[in-house]
There are 2 protein chains.
Amino acid sequence: MVDIATRVWNHKWKIDPVVRSLIDTDFYKLLMCQSVFRNKPDTHVTFSLINRAKHVPLAKLIDEGELREQLDHIRSLSLSRGESTWMRGNTFYGKRQMFTPAFMDWFEQLRLPPYHLERVGDQYELTFEGSWPEVMLWEIPALAVLMELRGRAVLHDMGRFELQVLYARAMTRIWEKVEALRGLPGLRVADFGTRRRHGFLWQDWCVQAMYEGLGEAFVGTSNCLIAKNRDLEAIGTNAHELPMVYAALAEDDDALARAPYDVLSDWHEEHSGNLRIILPDTYGTEGFLKRAPDWLAGWTGIRIDSGDPATAAEIAIRWWQDRGEDPKKKLIIFSDGLDVDKIRELHAQFTGRVRVSFGWGTMLTNDFRGLTEDDALAPFSLVCKAVAANGRPTVKLSDNPRKAMGPEDEVARYKRVFGVGEQEEMEVVV
Amino acid sequence: MVDIATRVWNHKWKIDPVVRSLIDTDFYKLLMCQSVFRNKPDTHVTFSLINRAKHVPLAKLIDEGELREQLDHIRSLSLSRGESTWMRGNTFYGKRQMFTPAFMDWFEQLRLPPYHLERVGDQYELTFEGSWPEVMLWEIPALAVLMELRGRAVLHDMGRFELQVLYARAMTRIWEKVEALRGLPGLRVADFGTRRRHGFLWQDWCVQAMYEGLGEAFVGTSNCLIAKNRDLEAIGTNAHELPMVYAALAEDDDALARAPYDVLSDWHEEHSGNLRIILPDTYGTEGFLKRAPDWLAGWTGIRIDSGDPATAAEIAIRWWQDRGEDPKKKLIIFSDGLDVDKIRELHAQFTGRVRVSFGWGTMLTNDFRGLTEDDALAPFSLVCKAVAANGRPTVKLSDNPRKAMGPEDEVARYKRVFGVGEQEEMEVVV
């Protein structure tokens, strides 16, 4: 077992790069990448870092040289033989050869494309431009680098015992969370915390704690490297990125209205079973479900990633009932802003009515709130999004206007096309 | 830094013997040993283990074979060259050559004498018989072995993460104690926790935490091996053992009444300054001080090890005043049943009135209370005492009748000789 505190204290932390593998990323990125590689390989996309927490002055906290060093290190990575074997030979969601030989041939030769980094005031502008299947792979490592370098900056000045006690406290906290979830009947929870993790070693520790503490209730991790190393299930399906880029590429309003369903139509062809999970909130959950074709109601489940989760789940249950589906056979995956209390609450409300699963992110892998002076290690809301496709801006509406993004006029157009009216604002913690 | 949880989990713990050196003992044992070696080398003494906590069935918890293995290992130890150099060359309490060449020559060739171990019901009878300067060195290692083997038995069935979280919680607890003491003006506190420590590595961790957290307020450790390894002050003076054996050797009541002062008279010849610390409670503090010769009032201080500590300190202050001494120049060392609250309370009450110092034992090095099921790691009251000298039983009265020991008729005789009346009973936690 790694003694994290000592490793941090050694100041030789460069032996621990923030991102140590091309598969130190979320599983759904690889699934989406393959889909994009097959369906939209020539799309030119721009990803951009967006720090929603303006009070965190990233450029003051993180040395630009160190940031470039970590990003350059990521560009030097390529798929190792063992990683390739794992992707080619492993069974994902019960399916062999999830990744096609054509995709693997391409992925094996891939290096991540260049990045553009500029300091603007106290923030960094960090963008990635290029062919969609290549640049999309920057999202998770870029977020992990920023989040971890900010943490390292804080840890740098701490003493040896301060560090050991810091991690002792954080470990105790995670273990108490695990104990609070232990014994919930039928609980299914996965680690979704790669992007905003405190650090790789820490995420790895949290995953092992979940595994030891929850047994079969812990269903896997979204992190492919950890899944591979620890012989766990790699978990994930798809994300907003797909409908956002498909929508941006739409030539007119009719095509725009169809775009979110076109995405899932492509996905329908490629995947079955537990990978057929609807992510309905990109342009408003309610309207999306109302206008959805019937074949979508036949999908396995839905992932709820913004707005009030219980409300969205009730909407999904009613929608399935309206379409003649049995909600008890459907899966609802909660993945937004979860922590123990919310998991317990949703588990109590929905167990028995639908199949329930939880994708637990930041509050699993980065709950250092209150453990340092000025709360300097508290996680914050940092994202890296596709902001343009073939020269056109992307838009996200979400079920929470604070998570919306895109140019004002385009947001208005999308709201009109998707029939999105007033929305309830909710605080975005992470 | 040692990852204690992993070390415990490895089940190769035999690479970590409980006692790993002849100087893995309390400093005062070595000082007393030298005094005995000089003044009473031919006394035949019996030490015996006494488990005051009958509810802890040591013989059920600890395998006899493992116990013998650890005790045999201790018998195989001899002073290493580095240890000898440290004892011969180091400055203790500002004095060079604290240990005489004659004593060191003897100590260098010493191996601990045989032990007698027998299971009686759920307890072990463990006794050490032989020449006083030899058998007295069994006390601390014997206690440490019993305490740690009992802990290992509990830890043996715990999982890897359970262990890591156990130690994380214990570390957090110690650090919170350190933080609660930090900043107390003029605080002086030492580690006195060898005998009932959770384990050697754990004591070593606690000492380092004290050093990093308290700086100069942490004045040293009673453990010679840790003092040597960590370049800290070795702390300690003398114990009840000396007056108990001197008293047992007394031929009549007059000699008995003189015995506690004879001890200190021998000590007076050998030591000066901060080593001239009175331990007055063996046969009742109040009477001891009342009958004490004036030269004792000139000693540097007093150690309070039973009864209500504030009451005893007030008695000492009045005694110094009565003898024309200035209490502000005197040192009071509190060493009985201390934890953070009691330290803060006594510090507040006596700082400014006398010089105050704390010898913090079990609650520093073995506070695992409440951290396991059934509280199976909670420390308990285990001692190892000189019970006979030259065939005559020893007696201890103490300022707390629950700490008293000896045959009933002898206790009655001692009470009469030392004029001890009613005493207040106080719970003995550890």
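The values are calculated or read from the model by the stated rules, or taken from the named source; none is laboratory data. These numbers were taken from a predicted model, which means no experiment stands behind them. Positions of Cβ are backbone-derived with ideal geometry, glycine not excepted, and every protein chain shown enters the neighbour counts.
Helices (runs of 4 or more DSSP H) wholly in the stretch B:235-318 with at least 2 residues that are under 26 Å from residue B:388 (Cβ atoms) - which ones? Before you say what the answer is, go through the steps one by one.
Working: elements: B:241-249, B:253-270, B:285-290, B:294-297.
Output list reads B:241-249, B:253-270, B:285-290.
Kindly check whether there is at least one residue in the stretch B:200-209 that is farther than 20 Å from residue B:21 by Cβ, touching a residue at least 40 places away in the same chain (Cβ under 8 Å) and either assigned to a helix (DSSP H, G or I) or within 14 Å of another protein chain (Cβ to nearest Cβ) (or both).
Scanning the stretch B:200-209, I find no residue that is farther than 20 Å from residue B:21 by Cβ, touching a residue at least 40 places away in the same chain (Cβ under 8 Å) and either assigned to a helix (DSSP H, G or I) or within 14 Å of another protein chain (Cβ to nearest Cβ) (or both), so the answer is no.
Would it be correct to say that residue A:16 is in contact with a Gly (Cβ under 7 Å, 6 or more places away or on another chain) and of a type in the set (Asp, Glu)? Please lay out each step first, then the result.
Values: in contact with a Gly (Cβ under 7 Å, 6 or more places away or on another chain): no; of a type in the set (Asp, Glu): yes.
When the stated conditions are applied, residue A:16 does not pass them.
Restricting attention to the stretch B:147-178, report how many residues are farther than 15 Å from residue B:368 by Cα, surrounded by fewer than 18 Cβ atoms within 10 Å (Cβ to Cβ) and under 25 Å from the mean Cα position of the chain (by Cα).
0
State whether the residues of the stretch A:407-414 include one that is crowded, with 19+ Cβ neighbours inside 10 Å and either over 28 Å from residue A:199 (Cβ atoms) or more than 19 Å from the chain's Cα centre (by Cα) (or both).
Looking through the stretch A:407-414, at least one residue is crowded, with 19+ Cβ neighbours inside 10 Å and either over 28 Å from residue A:199 (Cβ atoms) or more than 19 Å from the chain's Cα centre (by Cα) (or both).
Which of the residues belonging to the stretch A:186-199 are among the charged types (D, E, K, R) and outside any loop (DSSP other than H, G, I, E, B)?
Passing the criteria: only A:191.
Can you run down the residue pairs with Cβ atoms below 6 Å, 6 or more apart or on separate chains, where the first is in the stretch B:155-176 and within 8 Å of chain A (Cβ to nearest Cβ) and within 24 Å of residue A:204 (Cβ to Cβ) and the partner is crowded, with 17+ Cβ neighbours inside 10 Å and among the acidic types (Asp, Glu)?
What qualifies is B:159/A:212; B:161/A:212.
Quick test for you: out of A:183, A:151, pick the one residue that is assigned to a helix (DSSP H, G or I), at pLDDT below 95 and more than 14 Å from chain B (Cβ to nearest Cβ).
The match here is A:151.
As an exercise: evaluate residue A:256 against (1) away from chain B (no Cβ under 14 Å); (2) of a type outside the set (D, E, K, R); (3) in contact with a strand residue (DSSP E or B) (Cβ under 9 Å, 6 or more places away or on another chain); (4) crowded, with 20+ Cβ neighbours inside 10 Å and give the number of the one condition it does not meet.
Unmet condition: (3).
Could you list, in sequence order, all residues of the stretch A:373-394 that are among the hydrophobic types (A, V, I, L, M, F, W, C) and under 25 Å from residue A:310 (Cα atoms)? I'd like the intermediate steps shown before the answer.
Looking only at the stretch A:373-394, we keep the residues that are among the hydrophobic types (A, V, I, L, M, F, W, C), and these are A:376-378, A:380, A:382-384, A:386-389.
Within the stretch A:373-394, A:380, A:382, A:383 qualify.
Cβ contacts < 7 Å: first residue over 16 Å from residue B:304 (Cβ atoms), restricted to the stretch B:397-413; second residue part of a helix (DSSP H, G or I), any location; separation 6+ or different chain. Result?
Between residues of the stretch B:397-413 that are over 16 Å from residue B:304 (Cβ atoms) and residues that are part of a helix (DSSP H, G or I), the close pairs are B:404/B:411.
Got a number for residues in the stretch A:210-225 being within 14 Å of chain B (Cβ to nearest Cβ) and small (Gly, Ala, Ser)?
So in the stretch A:210-225, the residues within 14 Å of chain B (Cβ to nearest Cβ) come out as A:210-215, A:218.
Adding the requirement that they be small (Gly, Ala, Ser) leaves A:213, A:215.
Residues flagged as within 14 Å of chain B (Cβ to nearest Cβ) and small (Gly, Ala, Ser) within the stretch A:210-225 amount to 2.
Which condition breaks for residue B:378 when tested against (1) assigned to a loop (DSSP other than H, G, I, E, B); (2) surrounded by fewer than 20 Cβ atoms within 10 Å (Cβ to Cβ); (3) in contact with a helix residue (DSSP H, G or I) (Cβ under 6 Å, 6 or more places away or on another chain)?
Of (1) assigned to a loop (DSSP other than H, G, I, E, B); (2) surrounded by fewer than 20 Cβ atoms within 10 Å (Cβ to Cβ); (3) in contact with a helix residue (DSSP H, G or I) (Cβ under 6 Å, 6 or more places away or on another chain), only one is false for residue B:378: (3).
Restricting attention to helices (runs of 4 or more DSSP H) lying wholly within the stretch B:1-94, give those where 1 or more residues are more than 22 Å from the chain's Cα centre (by Cα) and among the hydrophobic types (A, V, I, L, M, F, W, C).
Once the helices (runs of 4 or more DSSP H) in the stretch B:1-94 are filtered for at least 1 residues that are more than 22 Å from the chain's Cα centre (by Cα) and among the hydrophobic types (A, V, I, L, M, F, W, C), what remains is B:4-9, B:58-61.
Out of all the residues in the stretch B:303-321, is one or more farther than 18 Å from residue B:351 by Cα, at pLDDT 95 or above and surrounded by fewer than 21 Cβ atoms within 10 Å (Cβ to Cβ)?
no
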